[in-house]
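Comments concern the structure below.
The values are calculated or read from the model by the stated rules, or taken from the named source; none is laboratory data. Because the structure is predicted, anything quoted here is derived from the model rather than measured. All Cβ positions, even for glycine, are placed from backbone atoms using ideal geometry, and neighbour counts span all protein chains on display. For accessibility, only protein heavy atoms count, side chains too; no ligands or nucleic acids. Shrake-Rupley method; radii C 1.70, N 1.55, O 1.52, S 1.80 Å.
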Amino acid sequence: DGQVLLLNRAGEELLGYDAAGLSQLLQSGRWQTYREDGSVLPEAERPVRRTVETGEPVSGALVVWKGEDNRPIVLRVATQPVRDPDGQMSGIVLALADVTVERAAERAAVEHRAALEALNAELARAVEIKDQFLAMATHDMRNPVTAILGFSGLLHRPEAGLDDRACAAAFDLLD
């Protein structure tokens with residue numbers, strides 16, 4: 001029936017209502033919860049509603065509540081049905097934890113991870129381009145050097161008909 005029987009001081013500070021004020025809000029139908037993306041959380045997905053309908057506890061559900069100042073608060077919610085001696089559900093215990101800062105840090109970490117992955121991909125492309133450039137430059141430099149070394153080897157052969165002074169002059173040109 002939406003009657004809040006007990007709300008501790010931490011719950012009052014978190015939600016901005018005492019038990020009577022929260023009961024009134026619930027019973028008036030003005031209680032609204034949201035998903036983290038800002039869309040309205042359908043009644044059937046609300047943790048308390050799920051416990052009422054299924055009789056099963058809910059653990060770790062995330063809902064967003066907007067307080068009186070309209071500031072979104074991300075809450076981790078757990079519910080536990082309370083049963084009378086006949087096993088009939090007579091109430092629900094609700095536990096709330098403010099995880100606004102934790103969830104913001106998780107979102108920031110995901111965004112930073114995505115940015116780092118993009119930078120790593122860009123860096124990998126730059127390394128690949130550098131490697132291709134060095135391979136081409138090395139190949140292009142190796143061809144003339146190989147030819148020069150081959151021809152210089154010919155100068156040392158007796159068939160070249162060059163005396164030591166002519167060979168030395170040819171090698172001076174190469175230096």
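Using a probe of 1.4 Å on the protein chains alone, the accessible area found for Val127 is around 60 Å². Here the Karplus curve 6.51 cos²θ - 1.76 cosθ + 1.60, taken at θ = phi - 60°, turns the phi angles of region 29-45 into couplings of x, 8, 5, 9, 10, 10, 7, 5, 7, x, 6, 5, 7, x, 3, 5, 8 Hz, with x standing for Gly and Pro.
Ranked from the most accessible area to the least, with a 1.4 Å probe and all protein chains present, what is the order of Thr146, Thr100, Thr33?
Working: Thr146 80, Thr100 35, Thr33 5 Å².
The ranking, largest first, comes out as Thr146, Thr100, Thr33.
Size descriptors for the chain (Cα atoms only): Rg and Dmax, in that order, 38.7, 119 Å.
Which loop-located GluC sites (Glu not before Pro) does region 29-111 contain, where loop means any DSSP state but H, G, I, E or B and the Cβ has at most 10 other Cβ atoms within 10 Å? Taking region 29-111 and a limit of 10 other Cβ atoms within 10 Å, the loop GluC sites (Glu not before Pro) found are Glu68. With all protein chains in place and ligands, DNA and RNA left out, the 1.4 Å accessible area ranks Ile73, Ile92 as Ile92, Ile73, largest first.
Taking amide hydrogens as placed 1.01 Å from N in the peptide plane, the amide H of Val99 sits under 5 Å from those of Val74, Leu75, Arg76, each at least 5 positions away in sequence or on another chain.
In this simple spin-label model, placing a label point 7 Å from the Cα along the Cα-to-Cβ direction at both Met89 and Asp140 gives a separation of 7.6 nm. Computed from backbone phi with θ = phi - 60° and the Karplus coefficients 6.51, -1.76 and 1.60, the 3J(HN,Hα) list for region 57-66 is x, 10, 9, x, 5, 9, 9, 10, 10, 9 Hz; x is used for glycine and proline.
Length available on full extension from Arg9 to Val82: 0.36 nm per residue minus the Cα-Cα distance, which gives 24.1 nm. Counting only protein heavy atoms and a 1.4 Å probe, region 1-136 has 69 square angstrom of accessible area per residue. When Arg142, Arg35, Arg46 are compared by accessible area of protein heavy atoms, the largest-first order is Arg142, Arg35, Arg46, using a 1.4 Å probe. For Ile92, the residues whose modelled amide H falls within less than 5 Å of its own, excluding neighbours fewer than 5 places apart on the same chain, are Val82. For the pair Glu36 and Arg113, the difference between a 0.36 nm per residue extended length and the Cα-Cα distance amounts to 25.7 nm. The length gained by stretching the chain between Asp18 and Ala121 to full extension, at 0.36 nm per residue less their Cα-Cα distance, is 31.8 nm.
Using a probe of 1.4 Å, the accessible surface attributed to Lys66 totals some 70 Å² when neighbouring protein chains are kept in position. Using the rule -39500 (n - 2.57) for each DSSP H run of four or more residues, divided by the residues of the chain, the 222 nm mean residue ellipticity is -18000 deg cm²/dmol.
Share of the chain's accessible area from carbon and sulfur, percent, 1.4 Å? After summing per-atom areas, the C and S share lands at 57 percent. For region 14-28, 3J(HN,Hα) computed residue by residue from phi via the Karplus equation (6.51, -1.76, 1.60; θ = phi - 60°) reads 5, 8, x, 9, 8, 4, 5, x, 5, 4, 4, 4, 5, 5, 7 Hz, glycine and proline entered as x.
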